[in-house]
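*Asks:* One structure is given below, represented as structure tokens, and several questions about it will come after.
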Amino acid sequence: MAALGLAAAVAAAARDQGRYDESHFEGDGLANEADIQASLSNGGKGAVNTDVVEDTLPEAELQTDELVLRPCSGESSPEGSGSGGGGSGRGGGELVLSLMHVRDPSVMHKYAKHQKTKCNLWARMWSSSSLLAEILIADGVREHLSDVSAIEIGAGMAVCALTAAVRGGAKIMVTDSSDHALDLVKGSARLNGVADSLSCSRMDWHSSSSVSGVAVQGGPYEFVIGSDVLFASMNVQPIVKAIIELLAPGGLAVVIDPGRLSGEGFDEAAREAGLEAEVYEASDVAMSDGSVMRKGVLFLLTSSSDKDTERTAALKRGLVGTWGWVAENRAGAEAAAEGEGGFGYAYTHEWAAKTAGGRDPDIPPRAVR
């Protein structure tokens with residue numbers, strides 16, 4: 001059986017069980033066939049694990065680090081100014097977030113016995129998240145986040161949500177299907193001084209009752225955020241439905257993706273469901289840590305039956321303008337060092353930021369479809 005066929009079989013088995021595992025990467029060609037066969041032989045539950053399993057994450061598995069975010073605009077600041085570690089103001093310049101995270105995501109299977117979600121994807125720092133966060137702190141975007149009612153879906157480490165709260169002043173709900181992820185996000189919120197403006201709720205977008213519960217709990221939301229949530233094709237329809245249920249009339253949803261095959265057709269699915277969708281793309285996007293994301297895709301979704309609010313219109317202008325800056329100054333990049341780049345679906349291996357040089361425009365700041 002071809003790798004892609006194996007991937008589909010594993011994904012179907014996992015979907016039927018209401019859970020994910022690392023084999024979902026197979027649909028994007030990121031893992032090897034032996035891993036898929038092992039997962040299939042175990043009923044789609046991933047490779048057999050004989051380690052002692054418990055639920056509590058011991059402190060020895062955790063650590064706190066700083067993530068430096070540089071706005072996607074012409075703004076700059078001296079090292080350390082405008083930083084957010086332990087809380088910061090809402091000015092421009094760099095933002096430094098203090099993040100509680102798992103030291104080694106590969107050990108997470110030991111602590112997921114009673115967790116519905118078995119994968120460790122939430123515990124990794126994905127390039128899409130840091131790029132969107134750097135877009136959110138850009139001039140022209142962050143000033144429209146003040147007191148906005150927002151939600152991040154599939155948040156993982158919640159870099160975007162924390163950024164919107166710390167720098168933008170957003171009132172934001174963080175959701176993920178992993179209880180471990182949400183526990184660490186709460187810790188990060190305390191470290192960055194936004195515990196009062198950030199709340200957490202478990203949500204599985206494959207469960208309509210789970211989505212409805214979050215919508216009732218704090219929604220509808222003016223601003224819905226998703227970064228690298230289209231990592232499996234079976235996510236497309238549920239995420240579209242979740243956005244429709246969570247989004248307030250006249251609100252805006254922004255989804256960023258690193259050009260995964262599994263995300264193709266997301267905009268068409270959104271339009272078929274009654275949303276308006278604008279799509280912007282850029283190739284070889286230089287990241288602040290010196291790596292290169294081979295493709296960046298930005299989706300802007302609004303209701304086709306509701307007029308955009310003033311905030312939504314302003315946010316769209318800011319996001320499109322900032323994406324134009326990305327295309328002009330970060331697209332067309334080469335890897336800063338040998339072995340960095342070519343990821344396509346990369347996550348950030350180093351949090352120490354390195355200056356990324358400007359490049360010629362790869363696309364104009366207009367929707368490609």
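The values are calculated or read from the model by the stated rules, or taken from the named source; none is laboratory data. Here the structure is a predicted model, which is why all the values come from computation and not from measurement. All Cβ positions, glycine included, derive from the backbone under ideal geometry; neighbour counts span all protein chains shown. To get the accessible areas, we keep the full protein, side chains included, count just its heavy atoms, and leave off ligands, DNA and RNA. Shrake-Rupley method; radii C 1.70, N 1.55, O 1.52, S 1.80 Å.
*Asks:* Suppose the filter is closer than 20 Å to residue 141 by Cα, modelled with pLDDT under 90 and open to solvent by less than 20 Å² (accessible area, probe 1.4 Å); does residue 227 pass it?
*Replies:* In short, no.
*Asks:* Based on what the data block shows, is residue 106 open to solvent by less than 10 Å² (accessible area, probe 1.4 Å), out of contact with any Phe, Trp or Tyr (no Cβ under 8 Å at 6 or more places or on another chain) and modelled with pLDDT under 95?
*Replies:* So residue 106 does not fit the description; no.
*Asks:* Could you list all residues from the range 271-297 that are open to solvent by less than 20 Å² (accessible area, probe 1.4 Å), in a strand (DSSP E or B) and under 22 Å from residue 68 (Cβ atoms)?
*Replies:* Within the range 271-297, 282, 285, 286, 292, 293, 296 qualify.
*Asks:* Residue 169 - would you say it is open to solvent by less than 30 Å² (accessible area, probe 1.4 Å) and either under 17 Å from residue 242 (Cβ atoms) or free of Cβ contacts under 8 Å to residues at least 24 places away in the same chain (or both)?
*Replies:* No; evaluated as a whole, the condition is false for this residue.
*Asks:* Give me the pairs, please: first residue somewhere in the range 235-253 and in contact (Cβ under 8 Å) with a residue 60 or more places away in the chain, second residue anywhere and open to solvent by 10 Å² or more (accessible area, probe 1.4 Å) and assigned to a helix (DSSP H, G or I), beta-carbon distance under 7 Å, and either six or more positions apart or on two chains.
*Replies:* Filtered contacts from the range 235-253: 246/215; 252/316.
*Asks:* Another question about this same structure. For the range 123-156, name all the residues that are at negative phi and open to solvent by 20 Å² or more (accessible area, probe 1.4 Å).
*Replies:* Once the filter is applied, which keeps residues that are at negative phi and open to solvent by 20 Å² or more (accessible area, probe 1.4 Å), the range 123-156 yields 124, 126, 139, 142, 143, 144, 146, 149.
*Asks:* Being at pLDDT below 95 and either out of contact with any helix residue (DSSP H, G or I) (no Cβ under 9 Å at 6 or more places or on another chain) or part of a strand (DSSP E or B) (or both) is true for just one of 259, 251. Which residue is that?
*Replies:* 259
*Asks:* Among the residues of the range 298-318, write down those that are surrounded by fewer than 16 Cβ atoms within 10 Å (Cβ to Cβ) and touching a residue at least 60 places away in the same chain (Cβ under 8 Å).
*Replies:* 317
*Asks:* Then there is this: Pick out the one residue from 181, 189, 195 that is crowded, with 23+ Cβ neighbours inside 10 Å and modelled with pLDDT of 95 or more.
*Replies:* Answer to the check: 189.
*Asks:* Which one of the conditions (1) modelled with pLDDT under 95; (2) closer than 17 Å to residue 145 by Cα does residue 209 fail to meet, given that it meets all the rest?
*Replies:* With respect to (1) modelled with pLDDT under 95; (2) closer than 17 Å to residue 145 by Cα, residue 209 is out only on (2).
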